[in-house]
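Here's the structure, in structure tokens; my notes come after.
The values are calculated or read from the model by the stated rules, or taken from the named source; none is laboratory data. Worth saying up front: this structure is predicted, and the values here are computed from it rather than measured. In this analysis, Cβ positions are derived from the backbone assuming ideal geometry, glycine residues included, and neighbour counts consider all displayed protein chains.
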Amino acid sequence: MHGVPEDSLWQVVHSVGDWPGPPAVIANAIWRPIQGSNLLDNVAWAMEMTSYVGEAFGARSVVCTGGPGTALSVRVYNGYDSVADWQERTAAVAADAGWQDRMQAVTAIADGSTLDTGLIRRIV
Amino acid sequence: MYLWNREMFLSPAHLNEGVAGLVDAVTHVNSVSDYEFRVWATVLGTFGRVGVGSTCEDFGAFSDEMATRGMEDEVFRAKVDAVGQSMAGNPEDSVWNILHTTGDAYEVQPVIAIIDNRLEVDQMPGAVMGSIDMADYLNGLTGTAVTVAVSQWGTGPSVRMMFGYDSVGQVQERTAVATADPGFMERAKAFQNDVGRSIESRSSVLRRIA
């Protein structure tokens with residue numbers, strides 16, 4: 001190990017799409033509310049956004065809130081069949097006006113400097 | 001077109017063997033891969049920072065090839081284990097969607113300068129437009145090949161400008177021309193006014209070593 005492992009516990013508050021099993025690839029985003037905003041506004045935004053993308057594009061998404069160690073954090077992760085599936089769906093969503101409007105709106109309540117994103121491949 | 005990067009930091013105690021090991025690993029990869037990988041080292045920025053880069057049309061196929069190599073190519077795995085002894089930390093991967101190029105941006109140039117701006121989501125459209133305008137202007141002014149690319153996953157919302165040069169001397173010469181030019185200064189000021197302050201901004205100059 002190069003450092004100390006980091007454990008976290010997340011409460012799933014919203015799920016969109018079919019999850020027949022663990023996906024092959026996950027895109028993950030974690031952020032905290034901007035000062036003056038609150039967690040519930042961010043959770044509500046994430047739930048509405050994932051529902052929209054699920055209905056419009058068939059995306060599989062989960063919204064979580066952080067527990068001890070990650071308090072006041074919101075997490076959204078999306079499942080994909082492959083990296084190619086992620087690439088194709090991400091390009092389609094990014095070109096959608098509804099998605100763009102929602103992404104513009106979130107900047108009023110989310111602290112962009114805390115945004116941590118990643119794309120991970122399941123190996124087991 | 002996508003630009004894939006792996007950024008690494010070599011331990012100060014193992015700089016030479018780290019560079020040699022990395023070049024050896026990348027040379028092997030280039031002998032078996034469908035893609036061409038290049039190795040870059042710092043001219044300006046943190047010394048010991050090295051990068052591996054490649055371009056691809058389909059990142060899914062590219063990523064799958066790398067994953068397969070990492071699991072099945074025993075020669076590659078041994079080279080990775082060897083060079084890992086010289087690393088000061090874990091590599092950082094990113095993939096950038098190339099939106100705009102000027103000049104011979106896809107040709108392999110010996111020296112590149114990179115500016116990365118991490119932004120809020122609502123700053124992205126203005127930053128992209130401003131960067132493209134600046135790229136076209138600088139290409140007209142100095143002939144510099146410029147690439148504008150964006151990234152989100154793994155980096156947060158970010159815009160990258162990448163400038164290609166024949167030499168470090170050309171970086172110096174063309175930077176002096178640009179910063180003395182009123183049109184460049186106007187655009188730089190307009191960019192700042194229209195886009196606002198970045199969450200984080202980073203610049204570097206790199207030299208290709210393999």
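Here are the numbers:
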item	result
Among (1) at pLDDT 95 or above; (2) facing chain B (nearest Cβ under 9 Å); (3) assigned to a helix (DSSP H, G or I); (4) under 24 Å from B:R197 (Cβ atoms) - the single one A:R102 does not satisfy	(2)
Search result, residues across segment B:107-166 that are over 20 Å from B:E36 (Cα atoms), hydroxyl-bearing (S, T, Y) and either out of contact with any Phe, Trp or Tyr (no Cβ under 8 Å at 6 or more places or on another chain) or buried (at least 22 other Cβ atoms within 10 Å of the Cβ) (or both)	B:S131, B:T142, B:T144, B:T155, B:S158
Options B:F59, B:F37; residue that is closer than 20 Å to B:A20 by Cβ and touching a helix residue (DSSP H, G or I) at 6+ places or on another chain (Cβ under 7 Å)	B:F37
Counted residues, segment B:104-148 - those being within 14 Å of chain A (Cβ to nearest Cβ) and touching a residue at least 24 places away in the same chain (Cβ under 8 Å)	10
